[in-house]
Amino acid sequence: MFKQIFSKLPRKSSSKSGSSDTNSGRSHGSVKSNDLATKSAGSDSVSQPHHGNISNNRAQLPIAVNENQNPNGNLSFSSYEALPAFRAVPNSEKQILFINKLKMCSVVFDFVDATKNIKEKEIKRQTLVELVDHVTSANAKFSESAIQQVVRTVSANIFRMLSPQLRENKPIDGVELDEEEPSMDPAWPHLQIVYELFLRFVASPELDVKVAKRFIDQSFVLRLLDLFDSEDPREREYLKMTLHRIYGKFMAHRPFIRKAVNNIFFNFIFETEKYNGIAEFLEFLGSIINGFALPLKEEHKLFLVRVLIPLHKPKSLAMYHHQLSYCITQFVEKDCKLADTIIRGLLKYWPITNSSKEVMFLGELEEVLEATQPPEFQRCMMPLFRRIAHCLNSPHFQVAERALFLWNNDHIVNLIRQNCKVVLPIIFPALEKNTRSHWNQAVHSLTLNVRKIFNDLDPDLFKECLLKFEENESKKDEINEGREATWKRLEELAAKRAANSEAVLIGRELTHNSAG
């Protein structure tokens, strides 16, 4: 059977081929008829994974590749030829062919220059597609040597120096960074198939996790996480799916993955504020948070306080706020007692001079309040509505408008109704100022609607607040008049003493009146 299969393969033109060619791991021609058998014999010895020892992103070349080292360091692939299809060999030899095809795909080509190695690149692409189909339809357990070779091949292809970032992840003057065109990797047509191969391999029921975790180890996971900083969003999407598969299948790696991702977040928050894969990490974590068991572990609560809440600090919040808001609301839905902690955390990082971030905070605040119960609301309502009062008076109409939209939420209105005697005195001055002097007509109209809601809830309290507001306004007039009189007196004293070259002494009573 072997002779029938391999008689179809191209043979060497030279007869000077010895066993040393095979043992050296390189072939100076095309595939020989006994190559697969030789590799089968050599595959019995399996060592620890070597995905960390790949030099210049190039694994050991397979038998079908002729690698000639030129003086300038470039490689020439003069006889990179396809191996036979899986359907052309018996089932007993498919595992060997699978390993050899993987070795063949460990060769990394230069995709920056599209004119180089066109034929070889197409052969590799077709071979990768065959490997994906084979892994998908596999009906027997993958051998240890096959698992090791998959990890080696994937490592050779995806672990590389990422292209330098052409821009910073910091928005300038409110400019949306996601409007810029992302940087696309020219090697993606091949990388995509490699990622698809590994994704299906990890998801395959024929993968023995106990064996695979020797090769898909912590070192491999760390290098995989480093790739999340890729500029190409297509690669980050595949990385997210791959990490999710690994997290779900390799339970022993779960604490390590959570800790490693946390370290990336810490570096982003407190050091660089530059990282491309924050949104993808948060999407991955969102599905994990959704599966947390109750009661929540202390580790998960610390993750909320030390990672998720401080993630509101960076200026590039807009790039990942949707995913972050989802993670935050997942925690409130899991444990409503965390609402007070989250709201106070939002208030701690509340933006003062960035209106676009302030609008995002208000939107997230509404989602959190919607899942907040009365006891937790009462703990934080005073500092919360002091901040909302500032937002109501914001000269930026979108901030004021978004704050007023909170009264369109029935659950929030119900919480306010139950605590009207506390909430109304805090925000009434802001409402009254809007009705009298806000420049935007839409804000003015929405303020009148909110004002009417409070008037209907408790007319007596509303009148009391109105009287107090008018009293404070009249006191402000008196204070302003006193301040002007004090400054006038100071000017007169200064002019009088200046003529006599004497120092001007300010009495305690005068200082007190000026401060008042």
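The values are calculated or read from the model by the stated rules, or taken from the named source; none is laboratory data. Fair warning: this is a prediction, and the values are worked out from it, not measured in the lab. Every residue, glycine as well, gets a Cβ built from its backbone with ideal geometry; the counts of neighbours run over all protein chains shown. Calculation scope for accessible area: heavy atoms of the full protein, side chains included, ligands and nucleic acids excluded. Shrake-Rupley method; radii C 1.70, N 1.55, O 1.52, S 1.80 Å.
Which of the pairs 313/421; 119/240; 94/116; 101/121; 421/468; 213/274 have their Cα atoms more than 24 Å apart in this structure? If you can, show how the numbers build up before the last one.
On the way: 313/421 33 Å; 119/240 32 Å; 94/116 31 Å; 101/121 14 Å; 421/468 14 Å; 213/274 31 Å.
Long pairs (Cα-Cα over 24 Å): 313/421; 119/240; 94/116; 213/274.
May I ask you to derive the FRET efficiency for residue 208 and residue 287 from their Cβ-Cβ distance with R0 = 22 Å, giving the value to the nearest 0.05?
Details: r = 25 Å, r/R0 = 1.13.
The formula returns an efficiency of 0.30 here.
Distance from the alpha carbon centroid of the range 257-316 to that of the range 203-237 works out to 19 angstrom. Take each peptide in 344-357, 487-500, 461-474, count the other Cβ atoms within 10 Å of every residue, and average; sorted highest first, the result is 344-357, 461-474, 487-500.
If DNA, RNA and ligands are ignored and the probe is 1.4 Å, what is the ranking of 405, 284 by accessible area, most exposed first?
Numbers: 405 70, 284 5 Å².
Heavy-atom accessible area, descending, gives 405, 284.
Distance between the 7 Å Cα→Cβ label points at residue 411 and residue 491: 5.8 nm.
At a 1.4 Å probe, what is the % contribution of carbon and sulfur to the accessible area of the range 221-331? Show your work: numbers first, answer last.
On the way: 2460 of 4490 Å².
In the range 221-331, the share of accessible area belonging to carbon and sulfur is 55 percent.
Peptides 286-293, 362-369 ranked from most to least packed by the mean count of surrounding Cβ atoms within 10 Å: 362-369, 286-293. The Cα center of the range 429-470 and the Cα center of the range 362-427 differ in position by 15 Å. Averaged per residue, the range 403-488 has 58 square angstrom of accessible surface, using a 1.4 angstrom probe with ligands and nucleic acids left out. For the peptides 435-448, 387-400, the ranking by mean Cβ contacts within 10 Å, running from highest to lowest, is 387-400, 435-448.
In Å², what does the accessible area per residue of the range 115-162 work out to with a 1.4 Å probe? Please list the in-between numbers first.
On the way: 2080 Å² over 48 residues.
So the range 115-162 comes to 43 Å² accessible per residue, rounded to a whole number.
Averaged per residue, what accessible surface does the range 299-387 expose to a 1.4 Å probe, in Å²? Spell out each step's value before the answer.
Working: 3610 Å² over 89 residues.
Roughly 41 Å² per residue, with all protein chains present.
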